[in-house]
Amino acid sequence: MTTTEKHIEEKNKILKGLEKVYEKLLEFKKAKNSELVILRDNKIVKIKPE
């Protein structure tokens with residue numbers, strides 16, 4: 001396996017991990033009925049997770 005292939009594999013693992021964390025964050029916010037803070041059009045916005 002080349003260095004480039006290793007980097008691609010590692011990148012894919014990191015992205016899968018980030019997706020998993022995002023899903024857990026949404027579940028947590030829904031359970032606690034708390035707002036999610038995001039950046040939209042260079043403005044900080046609070047939204048309710050649905």
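Using just the helices of the chain, give the 222 nm mean residue ellipticity in deg cm²/dmol: DSSP H runs with n ≥ 4 each add -39,500 (n - 2.57), and the total is spread over all residues, rounded to 500. Spell out each step's value before the answer.
Numbers: 1 runs with 30 residues, N = 50.
Roughly -21500 deg cm²/dmol at 222 nm, from the helical runs in the chain.
Residue separation times 0.36 nm, minus the C-alpha to C-alpha distance between LYS30 and GLU10: what's the value?
Values: separation 20, 0.36 × 20 = 7.20 nm, distance 3.05 nm.
Additional length available on full extension: 4.1 nm.
Residue by residue through region 22-29, which ³J(HN,Hα) values in whole Hz follow from phi under the Karplus form 6.51 cos²θ - 1.76 cosθ + 1.60 (θ = phi - 60°), with glycine and proline marked x?
Karplus-based 3J(HN,Hα) across region 22-29 equals 4, 4, 5, 4, 4, 4, 5, 5 Hz.
May I have the count of lysine pairs in the chain with C-alpha atoms under 17 Å apart, counting pairs 8 or more residues apart or located on different chains?
For the chain, qualifying lysine pairs total 14.
Values quoted throughout were computed directly from the atomic coordinates according to the rules given, and no laboratory measurement underlies them. Worth saying up front: this structure is predicted, and the values here are computed from it rather than measured.
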